[in-house]
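Structure first, then comments.
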Amino acid sequence: MPFVKEILRHRSLSIVGLEKNTGKTVCLNYILGRLNQLGVECAVTSIGIDGEQTDAVYGSAKPEITLYDRMTFITSEKHYRLRRLVSEIVAVDPRRTSLGRLVTARVVCGGKVLLSGAATTGLLREQIGRFRTEGVPLTIVDGALSRLSLASPTVTEAMVLATGAAVSPNIGQLISKTRFVCRLIALDEVEPRLQQALNPLERGLWAVDSDGGIHDLHLDSVFMLDRESDSLFAYGTTLFAAGAVSDRLLKHLAAQKNIADIRLIVRDFTKFFITPEVFANYLRRGGQLNVLQRSTLIAVCLNPTSPQGYNLNSHDACAALSDALGLPVYDVKRV
């Protein structure tokens, strides 16, 4: 049972894909089946909608989500009525979504279900916290499309990354795109003292001086960088970007003469909206990158088939990806 026992070291898990149709639901069903064999109770929800029988874009058949006895799940009223299992309602959230209120239910007799859960990561955090308080050992969040935000360590403790032919049928490009995301996930955390000082900051660009003092640089937009460049390093060369980080910021920092002294800290890997080329150039020139919180990557899973009909050799693709990433890569249909 590769990687499943590692999952049990954590209280919450997200399953995210680099693209649509990279096999997130197949990974979810594999994990749920193994947890059922181990007798582990868990809660399952989704951000967005997951478990449809037919792909909304390509019209191709998709695997449905299978839940087992004693598992707990959250879905909308609309999709709760469409379930093909026996369950008892535990709670109904009075807040309404476009698909009705969110229903929390416990499976009495296993079967198929369509999950449509929280629309925001804030609500997800609330749900995961509630399950933890109620003693549920593990909450699994299934991602919709390629939303990496739910893999933030502020939402779930660990993650499984799904990749495959839908990302690119070219093995070289597939490796390049997957390796880039894995490098962001693997960025080192800052020291605990600095983490504690920076964590409450929610927006803006900040400087950290040599004594650990935090200074607001009053840059509300990256478009102000050129105009305020002279004051950017007034307090030192360690900077913290509390929000999203784009190519523009990394390009600006990489162009500085003192780039080898610059350390940029970002909240977590989901805050990067950058291209591999800009990321590589920043590091090549000597810039340093750290995160406040590092995500725990449990496994990388491969779907060798794309909805356009491209097929990769599963064994060769898993081996090539594993060599490039330095991590085990699984095709869960073959394990």
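The values are calculated or read from the model by the stated rules, or taken from the named source; none is laboratory data. Given the structure is predicted, the values throughout are model-derived calculations rather than measurements. For neighbour counting, all protein chains shown are included, and Cβ atoms are generated from backbone atoms with ideal geometry for every residue, glycine included.
In this structure, Val107 does satisfy being in a strand (DSSP E or B), in contact with an Asp or Glu (Cβ under 6 Å, 6 or more places away or on another chain) and modelled with pLDDT of 95 or more. Checked against the criteria, Pro63 counts as surrounded by fewer than 21 Cβ atoms within 10 Å (Cβ to Cβ) and touching a helix residue (DSSP H, G or I) at 6+ places or on another chain (Cβ under 9 Å). For the range 7-46, a tally of residues being closer than 25 Å to Gln308 by Cα and either β-branched (Val, Ile, Thr) or in a loop (DSSP other than H, G, I, E, B) (or both) returns 10. Identify the residue in the range 293-313 that is polar (S, T, N, Q) and farther than 12 Å from Thr163 by Cα and, among all such residues, is surrounded by the most Cβ atoms within 10 Å (Cβ to Cβ). Of everything passing the filter in the range 293-313, Ser295 is surrounded by the most Cβ atoms within 10 Å (Cβ to Cβ). Evaluated against (1) at pLDDT 95 or above; (2) in a loop (DSSP other than H, G, I, E, B); (3) hydrophobic (A, V, I, L, M, F, W, C), Phe180 falls short on exactly one condition, (2). Going by the structure shown, is Val90 among the β-branched types (Val, Ile, Thr), closer than 20 Å to Arg11 by Cβ and assigned to a strand (DSSP E or B)? Answer is yes for this residue. Phe73 meets the conditions (1) assigned to a loop (DSSP other than H, G, I, E, B); (2) buried (at least 19 other Cβ atoms within 10 Å of the Cβ); (3) of a type outside the set (Asp, Glu) in every case but one. The failed one is (1). With respect to being on the phi > 0 side of the Ramachandran plot, at pLDDT below 85 and not β-branched (Val, Ile, Thr), Gly51 fits the description. Of the residues screened, Asp247 is not one that is surrounded by 19 or more Cβ atoms within 10 Å (Cβ to Cβ), of a type outside the set (Gly, Ala, Ser) and under 22 Å from the mean Cα position of the chain (by Cα).
With a requirement of 1 or more residues that are among the small types (Gly, Ala, Ser) and modelled with pLDDT under 95, the strands (runs of 3 or more DSSP E) lying completely within the range 248-335 that satisfy it span 296-303.
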